[in-house]
Amino acid sequence: MGKGYLVTGTDTGVGKTVITAALVGVWRRRGIDALAVKPVQSGAVMQDGQLIPEDAAFYRRAAGLSLPMDELNLYRFEPAVSPHLAAQLSGESIAPGRVVDFCRQALQKHHLTLVEGAGGLCVPLSGPEFTVAHLAGELSLPLLVVARPGLGSINHTVLTVAYARNAGLAVAGIIINGQKQEEAGPTEMNNPLVIEAMTGVRVLGIVPYLPAVSVEEGRTGGLLDAVEQAVAWRELL
């Protein structure tokens, strides 16, 4: 079994996919057999009669992955809602055992695997009995938490770490994403220090806002270089 982490967020839209793809890309260009998988994707996009999981498609583009999409993503649904509801609205169901097995296969085949969750830790994948936190527990994976830089981040991040620990999960590190340097004020400068003090978890980096990067449009301009410079990625090897 290779090494792995589950990437979660303090909320939806914090940039988990961007950070996941970038870390894998940085490791791969250093010769490390790294992979990213998104077991469950809601908000998939219909193209030419096929549902495309945008997050997995972004991994392929940003990290240079050549594996078939079905090896990067198991379930994909068009409704952009919580995965359990997206499955219901699509007339389907998510089998927890299949999700766990899918992730384990990736972990067995590769030296380092990032499993991206959906939204935050409490998001139901198949329902309240199988959430992102349950998946991390089943896989025995430590967490990488992606957080916002601004107001509210202390509360959201501390609560995420506390919930993780209450569920018996280890937190390997926190990455703050999307900081606009020209707008960074006392809140943005102080947040990482307070988050570390209140959680005891290291902030591995602060990734700047990258306007040339878009998951939806498949734009990766400058992403790998920015994350390689901003994040202590070697500490995760």
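What length, rounded to one decimal in nm, is gained on full extension from residue 198 through to residue 93, with 0.36 nm per residue of separation minus their alpha-carbon distance? Mind showing how you got there, number by number?
Working: separation 105, 0.36 × 105 = 37.80 nm, distance 3.87 nm.
Length gained between residue 198 and residue 93: 33.9 nm.
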Computed over the chain: relative contact order in percent, which uses C-alpha pairs under 8 Å that are six or more apart: 25
Cα-based helix-to-principal-axis angle, 16-28 vs the chain, degrees rounded to 10: 90
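If I stretch the segment between residue 122 and residue 189 completely, what's the gain in nm (0.36 nm per residue apart, minus their alpha carbon distance), one decimal? Please report the intermediate quantities before stating the final value.
Numbers: separation 67, 0.36 × 67 = 24.12 nm, distance 2.81 nm.
Between residue 122 and residue 189, full extension yields an extra 21.3 nm.
Using the crude model of +1 on Lys and Arg Cβ and -1 on Asp and Glu Cβ, and no other charge, please compute the dipole size for segment 126-237 relative to its Cα centre, in debye to 20. Let's see the in-between values first.
Values: 6 positive and 11 negative charges, 49 e Å.
The calculated dipole for segment 126-237 is roughly 240 debye.
Of all the Cα-Cα pairs you can form in segment 158-231, what percent are over 13 Å apart? Write down the numbers at each step before the final one.
Values: 1924 of 2701 pairs.
When all Cα pairs of segment 158-231 are counted, 71 percent exceed 13 Å.
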Between segment 66-126 and segment 200-214, what is the separation of their alpha carbon centroids in Å? 24
Eight or more residues apart or on different chains, and alpha-carbon atoms under 20 Å: count the Lys pairs in the chain matching that. 6
What distance in nm separates the two pseudo spin-label positions at residue 140 and residue 80, each 7 Å out from Cα along the beta-carbon direction? 3.9
Across segment 31-45, in residue order, what do the Karplus-derived ³J(HN,Hα) couplings come to in whole Hz, using 6.51 cos²θ - 1.76 cosθ + 1.60 with θ = phi - 60° and x for Gly and Pro? x, 8, 6, 10, 9, 10, 10, 10, x, 10, 10, 9, x, 5, 10
Let me know the volume per residue of the alpha-carbon convex hull for segment 96-237, in Å³. 132
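Quick one: work out the % antiparallel among DSSP beta bridges in the chain, nearest 5.
25
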Long-range amide H partners of residue 178 with built H, under 5 Å: 207, 209
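Determine the equivalent ellipsoid of the chain by diagonalising the alpha-carbon gyration tensor, then write out the semi-axes as square roots of 5 times the eigenvalues, largest first, rounded to whole Å.
Working: eigenvalues 130, 83, 64 Å².
That gives 26, 20, 18 Å for the three semi-axes.
Given contacts defined as C-alpha pairs under 8 Å and at least six residues apart, what's the relative contact order of segment 1-59, whole-number percent?
Values: 38 pairs, mean separation 15.4, N = 59.
Relative contact order of segment 1-59: 26 percent.
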Within segment 33-76, the residues whose backbone N lies under 14 Å from a label point placed 7 Å from the Cα of residue 216 along the Cα-to-Cβ direction are 43-46, 54-55
Which number comes out as Rg/Rh for segment 1-112 once both Rg and the Kirkwood Rh are worked out on C-alpha atoms? 0.96
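Express the carbon and sulfur contribution to the solvent-accessible surface of the chain as a percent, rounded to the nearest whole number, probe 1.4 angstrom. Kindly include the intermediate steps, with their values, before the conclusion.
Numbers: 5180 of 10380 Å².
Roughly 50 percent of what the probe reaches on the chain is carbon or sulfur.
The values are calculated or read from the model by the stated rules, or taken from the named source; none is laboratory data. Nothing here was measured: the structure is a model prediction, and the numbers come from that model. Neighbour counts are summed over all protein chains in view; Cβ atoms, including those assigned to glycine, are modelled from backbone coordinates with ideal geometry. Keep in mind that these areas ignore ligands, DNA and RNA; they rest on the heavy atoms of the full protein, side chains included. Shrake-Rupley method; radii C 1.70, N 1.55, O 1.52, S 1.80 Å.
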